[in-house]
1. Could you check, for the range B:108-121, whether at least one of its residues is more than 30 Å from A:L50 (Cα to Cα), at pLDDT 95 or above and crowded, with 24+ Cβ neighbours inside 10 Å?
2. Identify the residue in the range B:52-68 that is without any contact (Cβ under 8 Å) to a residue 12 or more places away in the chain and in a loop (DSSP other than H, G, I, E, B) and, among all such residues, is farthest from the other protein chains (Cβ to nearest Cβ).
3. Quick check, is B:L82 touching a Phe, Trp or Tyr at 6+ places or on another chain (Cβ under 6 Å), modelled with pLDDT of 95 or more and closer than 29 Å to A:Y128 by Cα?
4. Pairs under 7 Å by beta carbon, first residue free of Cβ contacts under 8 Å to residues at least 24 places away in the same chain and closer than 11 Å to A:G73 by Cβ in the range B:142-157, partner surrounded by fewer than 24 Cβ atoms within 10 Å (Cβ to Cβ) and of a type outside the set (A, V, I, L, M), six or more apart or different chains?
5. Among the residues of the range A:127-150, which ones are of a type outside the set (A, V, I, L, M), in a helix (DSSP H, G or I) and within 7 Å of chain B (Cβ to nearest Cβ)?
6. Of everything in the range A:88-142, what is aromatic (F, W, Y) and more than 19 Å from B:I151 (Cβ to Cβ)? Give them in sequence order.
7. Taking the range B:1-28 only, how many residues are of a type outside the set (A, V, I, L, M), part of a loop (DSSP other than H, G, I, E, B) and surrounded by fewer than 14 Cβ atoms within 10 Å (Cβ to Cβ)?
8. What do you reckon, is B:I144 more than 7 Å from chain A (Cβ to nearest Cβ), surrounded by fewer than 24 Cβ atoms within 10 Å (Cβ to Cβ), β-branched (V, I, T) and under 24 Å from A:I42 (Cβ atoms)?
Amino acid sequence: MVNIILVSILIGLIYGFTLQKCQICFTSAFRDYFLFKEGQLIKALLFLVLLQMILFHFFASTGLIIEFDEKQGGILSLVIGGLIFGVGAIFAGGCASGTLYRVGEGQMMSVFALFGMLFGIGLFAELYDILNRTLIQPLSVGNIRIPELLNISSIAVVTIGAIFFLIILLLKNIMMKKQIE
Amino acid sequence: MYSMTHKLLKSAWPLWVGVIIIGSASTLQFILLGRPWGITDGEVNAVALIGSIIMPEHILSTTYFEAFPPIVTYLLIIDVMLILGAFISAVLSKNFKIRIPRKKERLIQGFAGGILMGFGARLAMGCNVGHIVSGIPQLYVASIIAGMSMIVGMYIGTKILLRQVRSSW
């Protein structure tokens, strides 16, 4: 119990310290790309996804990661929820993690955004029963992963994914070089 | 030695260093606590906690809070410590400052955006961290759908904001 608390405190501090130091935020990454075609942060985030993919599967194969998380929902809720979240994050000037580190920096707009988030969560909880019936339960995407969906091994998917991500990263570099030339 | 710690704590870090630290920390969290990084799950517990001070009976009778009772979970501790970690980092690099936007409407815009984020993240069953940083690496179909939708949403949001800025000029 004490260990869980200590580990949580330490890991939380590491997240916050690093996010602030490197100014890592999904919303600024995509906003800067859409507005100025500035893709440095997106590349870093792509690299983060790739790194996590390899680390998670490596430690799952050694047995240190015992069980994968649960990610599911109805197609409608995933798409509509995702769209609403994306629009909101641009308005709030930061994603879920970006808003938290900006609160730590003293940005009042993000403090308001955080209060808004808590309010929005409360609103969702109030409407949960009806949303569950209409958007979450129908057309449900169960707790299913790409390897089970396509019936191929995780290693194959991770390898293909890694190659795919590397191609994107390289293509971006080439395109940027061409622009400079 | 002094100048090294000085540099580490006070100056900005290269992006790739940050990405490797975040990725390692999230993997460590997955191994030690059984779940990778996520933001809004802990915030639901925070809402339940705040709500149970104001209207305890109502919180107890709300179905959604059965899964997120008014208790302090480790995910909530991580959220709070994230803010504290960012605060320490900002103070050390002399970046901390209470910044109030010159236009007060920006605060309302932030609050409104926050409502959409909180609501959207719960409807999609995860925020950008839960789905893109943690879910897509685990190759979950739901996370790929939600993650792509978030990016499209950010595109739409940027267009709306751009139109607003242009019309106000």
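The values are calculated or read from the model by the stated rules, or taken from the named source; none is laboratory data. All figures in this text were calculated on a predicted structure; none of them were measured in a lab. Using ideal geometry, Cβ is built from the backbone for each residue, glycine included, and neighbour counts are taken over all protein chains shown.
1. yes
2. Selected residue: B:M55.
3. Numbers: touching a Phe, Trp or Tyr at 6+ places or on another chain (Cβ under 6 Å): yes; modelled with pLDDT of 95 or more: yes; closer than 29 Å to A:Y128 by Cα: yes.
Yes.
4. Every condition considered, the pairs that remain are B:A142/A:Q72.
5. Correct list: A:Y128, A:D129, A:P147.
6. If the condition is that a residue be aromatic (F, W, Y) and more than 19 Å from B:I151 (Cβ to Cβ), then A:Y101, A:F112, A:F115, A:F119, A:F124, A:Y128 are the ones that fit.
7. Within the range B:1-28, the subset of a type outside the set (A, V, I, L, M) is B:2-3, B:5-7, B:10-11, B:13-14, B:16, B:18, B:23-24, B:26-27.
This time we only want the ones that are part of a loop (DSSP other than H, G, I, E, B), so: B:11, B:13-14.
Imposing the further condition that a residue be surrounded by fewer than 14 Cβ atoms within 10 Å (Cβ to Cβ) reduces the set to B:11, B:14.
Going through the range B:1-28 one residue at a time, the tally reaches 2.
8. Yes: the conditions hold for B:I144.
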